[in-house]
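Data block below; observations after.
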Amino acid sequence: MNIGEIARRAGVSRSTVSYAISGKRPVSAATVQRINDVIAELGYRPNASARALAEGRTRTLGLVVPPASRRLTDVQLGFVGSVVDAAAAHDLDVLLSPSGGDHDRSFERIVTGRRVDGVILMEILLEDPRVERLSQASLPFVTIGHVEHPGASWWVDVDYGALITRCVHHLADLGHEEVVLVNRSAELVAAGYGPALRSATGFLEATAARGLTARTVCCADDAAAGLACFEEIRTQWPSVTAAVTINEAALPGVQRALHRAGLEVPRDFSLTGVIAERLAEDFHPPLTAADVPAVELGRLAVDLLLAQIADGDAAPRHALLEPPISLRSSTGARPRHV
């Protein structure tokens with residue numbers, strides 16, 4: 001069944017049916033009711049292309065993700081899944097597009113190709129040329145993460161600096177005196193990756209405030225790197241008794257290194273950080289951590305993007321989340337034998 005048949009039965013033009021469905025132009029209440037009655041009688045549902053054409057939109061959101069060469073973390077996968085689910089709740093599709101590395105052309109097609117009504121951008125650098133490009137293109141966009149000076153941009157984020165600070169205070173309260181931050185890779189830190197730099201700042205400020213000896217290491221995003229990184233920590237700084245991390249991909253390797261060294265958590269070594277809830281629960285023992293609310297962040301990003309699409313003149317909005325630290329079983333008092 002098509003719009004022409006609905007128009008014939010309702011005694012109106014095809015354009016009037018289109019306006020009644022899309023709401024783009026005013027149609028009298030009586031006419032709208034008559035059209036809706038016919039639609040209900042016929043069981044009509046416009047296909048996605050027809051609906052998009054009637055509304056003058058693509059009914060598709062773009063989601064810019066890291067390239068396939070970088071394995072997505074649990075948190076990143078959570079962002080992708082929650083954005084797709086939130087968009088589907090509004091009868092919208094999501095077009096995934098990689099950026100970084102050799103994918104500049106793919107990102108540019110998203111920006112200029114009129115294939116999406118707006119964009120959600122992940123993995124934000126403090127100075128991110130993609131944010132600047134989207135601003136220049138006047139395409140509605142929301143970032144999961146935020147640049148150093150967000151200005152007029154719309155964004156959602158986790159307050160990594162504040163959460164790492166709370167992790168440090170928790171360890172200090174347990175009596176730990178020398179702690180290490182296991183950060184993301186040296187390449188990401190050098191590129192200005194927001195969570196890594198904000199975590200480092202929060203860590204150094206908090207350890208200084210509590211009079212702790214602070215150590216920091218960068219670690220690639222995989223288990224092998226986590227194993228090597230922890231063994232290096234034990235060799236260089238044997239008096240370190242606790243670690244804070246945002247590098248969830250390295251955690252399986254850290255766990256193996258602890259086992260190899262004969263260290264029991266938390267009796268001999270404490271571990272905490274900011275990671276995905278599933279990984280925290282699956283760690284042995286379950287990890288005391290601030291669980292990244294990936295589902296909530298993805299949903300908020302979609303909500304903000306739809307608000308921006310609906311009203312291009314709306315004042316920029318953002319959401320900075322600070323989830324509580326879930327006290328599980330991986331932190332304890334500083335061991336006496338150190």
message: Charges at C-beta only: +1 for Lys and Arg, -1 for Asp and Glu. How large is the resulting dipole of the chain about its Cα centre, in Debye rounded to 20?
response: 920 debye
- prompt: What GluC sites (Glu not before Pro) does the range 256-313 have in DSSP loop regions with at most 13 other beta carbons within 10 Å?
  reply: Glu264
- line: Under the rule rounded for a/c under 1.5, else prolate if a/b exceeds b/c, else oblate, using alpha carbon gyration tensor axes a ≥ b ≥ c, the range 160-292 is classed as rounded
message: Taking amide H atoms as placed 1.01 Å from N in the peptide plane, list the residues 5 or more away in sequence, or in a different chain, whose amide H sits under 5 Å from that of Leu95.
response: Leu61, Gly62, Leu63
- line: Largest fluctuation, Thr31, Thr207, Thr245 only, Gaussian network model of the chain with Cα springs under 10 angstrom, belongs to Thr31
field: Cysteines without a disulfide-compatible neighbour (Cβ-Cβ under 4.7 Å), the chain
entry: Cys167, Cys218
- prompt: Residues with amide H under 5 Å of Thr245's amide H, sequence separation 5 or more or different chain, H placed in the peptide plane at 1.01 Å from N; which?
  reply: Val182, Thr272, Gly273, Val274
- prompt: Using the Cα gyration tensor of the range 237-321, with a ≥ b ≥ c the square roots of its eigenvalues, what is the shape: rounded (a/c below 1.5), prolate (a/b larger than b/c) or oblate (neither)?
  reply: prolate
message: Quick one: the Cα spread of the range 59-151 along its three principal axes, in angstroms, biggest first?
response: 32, 29, 27
The chain shape via C-alpha gyration tensor axes, a/c threshold 1.5: prolate
task: Grab the beta carbon distance between Arg14 and Asp104, set R0 = 35 Å, and tell me the FRET efficiency rounded to 0.05.
output: 0.25
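Only the coordinates and a few stated rules stand behind these numbers; no lab work does. Note that the coordinates shown come from a computational prediction; the quantities given were computed from them, not determined experimentally. All Cβ positions, glycine included, derive from the backbone under ideal geometry; neighbour counts span all protein chains shown.
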